[in-house]
Amino acid sequence: MLAMLSGCGTAPKLSSKSPESAHISQPATDTHYYDEIQAMLLLYQQHNEWHGTPYRMGGISRSGIDCSAFVQVTFRDLFGIDLPRSTDQQFRNGRKIPRAELRSGDLVFFRNGRHVGIYLEDHKFLHASTTRGVMISSLKNTYWSRHYWQAVSLRH
C-alpha cells in the first residue's frame, strides 16, 4: 500500500522546455497543431493557479477537489466544454486513442477508470493526486506507468 501512495507523491521531472519557450515549428495554418499548443499553454496556466490544492473526495473547489471534478472544472473554464462529473462518464465522452497518440488536452485514465488526468506533453499529465493535490506527474513514473489504463480524446 505504501508503494502505491508513494507513486502519487513522486514529484514530476519537468522537461527543460518550458511552455513559454514552446515554438510552432509547423505552419500556422495547421490549426490542429496550433490548438494543441494553445491547450498546453492554458493547461500550464491552470496548473499554476491550482497547484497544491488538496485532494478531497467529492470536493469541487480550491479548498479541496477530486480528480474528476478537477478535469470537469478545467474543461469548463478553459475550453467551454461541459464534461460529466464522474470518471466513468468522462471516459465514455471521448474517443479511445492509443497511448502513442496522446496530445495536449487528452484525458488519461488509471486503475480501470478510477483516476483521471489531462495530458500535457512529453509524458506529463495534470491531475489531482490523492496525496499531493493538484500537480503534474509523469507517465514514465513507475506507479503511473503500471496503473495506466486508457486514454480518450475529446477532439473530433
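Things to note:
- Its Cα centre serving as origin, the stretch 59-103 has a Cβ charge dipole (Lys and Arg +1, Asp and Glu -1) of approximately 160 debye.
- Compactness of the stretch 52-156, expressed as Rg and Dmax over alpha-carbon positions, Å: 12.4, 35
- Rounded to the nearest 20 debye, dipole of the stretch 52-156 from Cβ charges on Lys, Arg, Asp, Glu: 240
- Label sites at Arg99 and Arg146, each approximated as a point 7 angstrom past Cα along Cα to Cβ, lie 1.4 nm apart.
- Debye, to nearest 20: dipole size of the stretch 103-156, +1 on Lys, Arg Cβ, -1 on Asp, Glu Cβ: 160
- Global form of the stretch 114-153, assessed from the alpha-carbon gyration tensor, a/c cut-off 1.5: rounded
Any read-out appearing in this document is the output of simple, stated calculations on the displayed coordinates, not a laboratory observation. A quick note: this is a predicted structure, and the numbers were derived from the prediction, not measured. Please note: Cβ atoms are built from the backbone with ideal geometry, for glycine as well, and neighbour counts cover all protein chains shown.
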